[in-house]
Amino acid sequence: MSNLGKHSESYSSATFFLTDRYLTCQLVGRWMMKKPFDGLTIVPAGQAAGRPLTKMVYESSDCSQAASGAAALGHALSHLTFGWAFLGAILRFPPISYIIEQLINLLIMFLPAPNSPWQDENHGNQGDQ
C-alpha cells in the first residue's frame, strides 16, 4: 500500500516547456520546481527545438501526446500523485481548459510583466522629481 498515493499511468517521460515571459508562468514554474514530478523534465521555453513558445507546452518523449496552455499543465500534473493526476484530467477537459486559459489571459493583461518598471522598486515614480 505504500504506492497508493503515486499515480502510475503509462507516462514514461515528457518535457514541459515553460516560458518566463509572463508572471503567471513564472509562478507556475516556481511551484512546479518544488514538486517531485515522475518522468517530467521542466525546461525553459527558449530551449524548444527551433520554435518560439509563448505558452506552456507539454510533449511526451514518444511524441504521442502534446498540449499547450492549461491542457499542458493538466498533462504535467499526471506525473504527480493520483490526486494531482485527477485534477490534471479535469484541466485537460476542453471546456475547462478553455475557461482557465481565458482567465489566465485576463490575469496577464492586468499583472505587470516580469522585469517591468512596475516591479522594479528602484525606479519609483519618476514624475515626482
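The values are calculated or read from the model by the stated rules, or taken from the named source; none is laboratory data. Being a predicted model, the structure only gives us computed values, none of them experimental. Because the Cβ atoms are built from the backbone with ideal geometry, glycine has one as well, and the counts that use them run over all protein chains shown.
In the stretch 61-101, which residues are acidic (Asp, Glu) and either touching a residue at least 40 places away in the same chain (Cβ under 8 Å) or more than 16 Å from residue 25 (Cα to Cα) (or both)?
Within the stretch 61-101, just 62 meets the criteria.
Can you name the residue in the stretch 3-22 that is of a type in the set (A, V, I, L, M) and crowded, with 18+ Cβ neighbours inside 10 Å and, of all such residues, is modelled with the lowest pLDDT? Before you say what the answer is, go through the steps one by one.
Restricting attention to the stretch 3-22, the residues satisfying the condition of being of a type in the set (A, V, I, L, M) are 4, 14, 18.
From the residues that got through so far, the ones that are crowded, with 18+ Cβ neighbours inside 10 Å too are 14, 18.
Details: 14: 93, 18: 87.
Step by step, filter the stretch 3-22, then rank; the result is 18.
List the helices (runs of 4 or more DSSP H) inside the stretch 54-119, counting only whole elements, that have at least 2 residues being of a type outside the set (A, V, I, L, M, F, W, C) and over 19 Å from residue 19 (Cα atoms).
Ranges flagged: 82-92, 94-110.
I'd like to verify a number: residues in the stretch 54-79 that are among the hydrophobic types (A, V, I, L, M, F, W, C) and touching a Gly at 6+ places or on another chain (Cβ under 8 Å), how many?
5
Take residue 54 and tell me if it is on the phi < 0 side of the Ramachandran plot and at pLDDT 90 or above.
Numbers: on the phi < 0 side of the Ramachandran plot: yes; at pLDDT 90 or above: no.
Considered against the rule, which asks whether it is on the phi < 0 side of the Ramachandran plot and at pLDDT 90 or above, residue 54 comes out as no.
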